[in-house]
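The values are calculated or read from the model by the stated rules, or taken from the named source; none is laboratory data. Since this is a predicted model, take the numbers as computed values, not measurements. Positions of Cβ are backbone-derived with ideal geometry, glycine not excepted, and every protein chain shown enters the neighbour counts. Areas reflect the complete protein model, heavy atoms only, side chains present, ligands, DNA and RNA absent. Shrake-Rupley method; radii C 1.70, N 1.55, O 1.52, S 1.80 Å.
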Amino acid sequence: MARVQPLSGFPEWSPQERLVEAHVLETLREVFALHGFGEIETRAVEPVERLAGDSEASKEIYAIGRLNADEQSGREARLGLHFDLTVPFARYVEENQGRLHFPFRRFQIQKVWRGERPQEGRFREFYQADIDVVGRDHLPEHLEAEVAIVMARALAALPIPTARMHLNNRALVEGFYRGVGIVDVAGALRSVDKLDKIGPDGVRDELHAKGVSPEAVAAILELAAIQTPDDSFFGLVEALWDHAPIVEDADDARAEFDRGARSLAALVDAVNAAVPGAAIADLRIARGLDYYTGAVYETVLDGHEDLGSICSGGRYDSLVAGGGFPGVGMSIGVSRLVSRMLSANLAASTRAVPQAVLVAVTDEAHRAASAAIADRLRARGIPCEVSPTAAKFGKQIQYADRRGIPFVWFPGAGETAPDGEVKDIRTGDQVPADADAWVPPADDLKPRIVRR
């Protein structure tokens, strides 16, 4: 038989690791639902043309088709696996707009597929969790804070280090860039977005090559360096505008700059009021140069900044190509986060298996009696397993210990033990037990995910 070759970029967790992932997914669902977001699920495939659009995304799309396609199937639309949840969500809203109530609040947790080079925290198949609020023609600005607060609370509920949400506003940045005479604002933003990769000198060289004056470059880099844990950035950007090389007839740019600064201050204050210390004003953040138009968000874990952003998003004017449905949303790279939780031992399950009890078997002739006890326990919500063999009790205890099952039930009828006795194999304590009354301690009923 040929040796099975592993496929990189397609994670396969062990049962104990899967419990950590399942806990993350369930926690996100609970927090999102508590805040009034309804869950949807979209199909895994879309026409390749819709997925790719005019972007470079076509290089990462996994196309699918039947191996033995006939002539008819060859005329069908080419399908591809979705590489994020935004494209299918846009199609969903466009198709179902007559049945949706706006503003439409949705969360979506699904696997996506992306044909990129695998590396730590980057997979070809991974879970993504999105929340969005979409309006039909208008969306109130306060929802930019609400979405950020929901995400901050969701992250705070997970067994991970503190998640810091770096916030910016595109109107503030773009207004400032226009104020110092930048014509190609998007191009300048692309250069500044590389600060972490090429450093200030590299960004300076790129901007000079694009014809930006040295004075304007200096002002742009000074703006990008502003980062505050509260709304104190406001005074800093006001002072920066006052001594920056502002061009003539910059009234519109100033209005845009002021609007963005006020919005960002309100956003930072609102998020920190709800989740103290969660938000940071960071004037370097750009994101989605051709998509986001207002607030933008990026989130990093304290002590794990090398992982990059684990949760990002922003405000957009149009969810649907061609215009329509303004909204605001954020997305968590769940598999990226879980991978770091596991590799850095940030969290773990208290045991590898769901069962709290192993029901021992005295001999094969009495296996049915053990199975009956197990069913009575299961009927009351106690996960259990019947021993696979009727070996000596010592070996059955060893089996439970290797699997991490905390209790072993020894069947037997007696005056004080109608159904036998149950033993905590960690402490050695053994007591008479009734299968219709005994319960394990609450902490042992199911595996728990604990912070390391």
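Is it true that F407 is buried (at least 19 other Cβ atoms within 10 Å of the Cβ), touching a strand residue (DSSP E or B) at 6+ places or on another chain (Cβ under 7 Å) and among the aromatic types (F, W, Y)? Answer is yes for this residue. Note on segment 358-368: residues that are among the charged types (D, E, K, R) and loosely packed, with under 13 Cβ neighbours inside 10 Å total 2. With respect to A286, determine if the residue is open to solvent by 30 Å² or more (accessible area, probe 1.4 Å) and among the small types (G, A, S). Judged against the criteria, A286 is not a match.
Counting only residues that are farther than 27 Å from T299 by Cα and either among the acidic types (D, E) or open to solvent by 20 Å² or more (accessible area, probe 1.4 Å) (or both), segment 242-283 holds 11 of them.
Consider E206 carefully, then state whether it is acidic (D, E) and closer than 30 Å to E94 by Cβ.
When the stated conditions are applied, E206 does not pass them.
Restricting segment 25-40 to residues that are in contact with a helix residue (DSSP H, G or I) (Cβ under 6 Å, 6 or more places away or on another chain) and in a helix (DSSP H, G or I), the residue that is most open to solvent (accessible area, probe 1.4 Å) is V31.
Table: residues versus (1) modelled with pLDDT under 95; (2) open to solvent by 30 Å² or more (accessible area, probe 1.4 Å).
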residue: S335; (1), (2): no, no
residue: M341; (1), (2): no, no
residue: A347; (1), (2): no, no
residue: S370; (1), (2): no, no
residue: P388; (1), (2): no, yes
residue: A391; (1), (2): no, yes
residue: A400; (1), (2): no, no
residue: G412; (1), (2): yes, yes
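Beta carbons closer than 6 Å, at least 6 apart along the sequence or on distinct chains, pair a first residue in segment 41-54 that is in a loop (DSSP other than H, G, I, E, B) with a second that is of a type in the set (F, W, Y) and open to solvent by less than 100 Å² (accessible area, probe 1.4 Å) for T42/Y92. Scanning segment 228-245 for residues that are in contact (Cβ under 8 Å) with a residue 60 or more places away in the chain and not hydrophobic (A, V, I, L, M, F, W, C) yields a count of 1. Residues that are at pLDDT 95 or above and surrounded by fewer than 18 Cβ atoms within 10 Å (Cβ to Cβ) within segment 291-304 comprise D302, G303, listed in sequence order.
Would you call P383 in contact (Cβ under 8 Å) with a residue 24 or more places away in the chain and touching a His at 6+ places or on another chain (Cβ under 8 Å)? Considered against the rule, which asks whether it is in contact (Cβ under 8 Å) with a residue 24 or more places away in the chain and touching a His at 6+ places or on another chain (Cβ under 8 Å), P383 comes out as no. Give me the residue from segment 101-116 that is in a loop (DSSP other than H, G, I, E, B) and under 25 Å from the mean Cα position of the chain (by Cα) and, out of that set, farthest from R336 (Cα to Cα). Restricting to residues being in a loop (DSSP other than H, G, I, E, B) and under 25 Å from the mean Cα position of the chain (by Cα), the top hit is F102. Residues of segment 79-92 that are without any contact (Cβ under 8 Å) to a residue 60 or more places away in the chain, open to solvent by less than 50 Å² (accessible area, probe 1.4 Å) and either among the aliphatic types (A, V, I, L, M) or assigned to a strand (DSSP E or B) (or both): G80, L81, V87.
Sub-8 Å Cβ pairs linking a first residue in segment 126-141 that is part of a loop (DSSP other than H, G, I, E, B) to a second residue that is of a type in the set (A, V, I, L, M) and surrounded by 21 or more Cβ atoms within 10 Å (Cβ to Cβ), at least 6 apart or interchain, are L139/V133; L139/V328, ordered by first then second residue. Here R170, R153 are screened, and the one residue that is among the basic types (K, R) and either open to solvent by 10 Å² or more (accessible area, probe 1.4 Å) or over 17 Å from V296 (Cβ atoms) (or both) is R153.
Scanning segment 93-113 for residues that are open to solvent by less than 50 Å² (accessible area, probe 1.4 Å), touching a strand residue (DSSP E or B) at 6+ places or on another chain (Cβ under 8 Å) and not polar (S, T, N, Q) yields V93, F104, R106, F107, I109, V112, W113.
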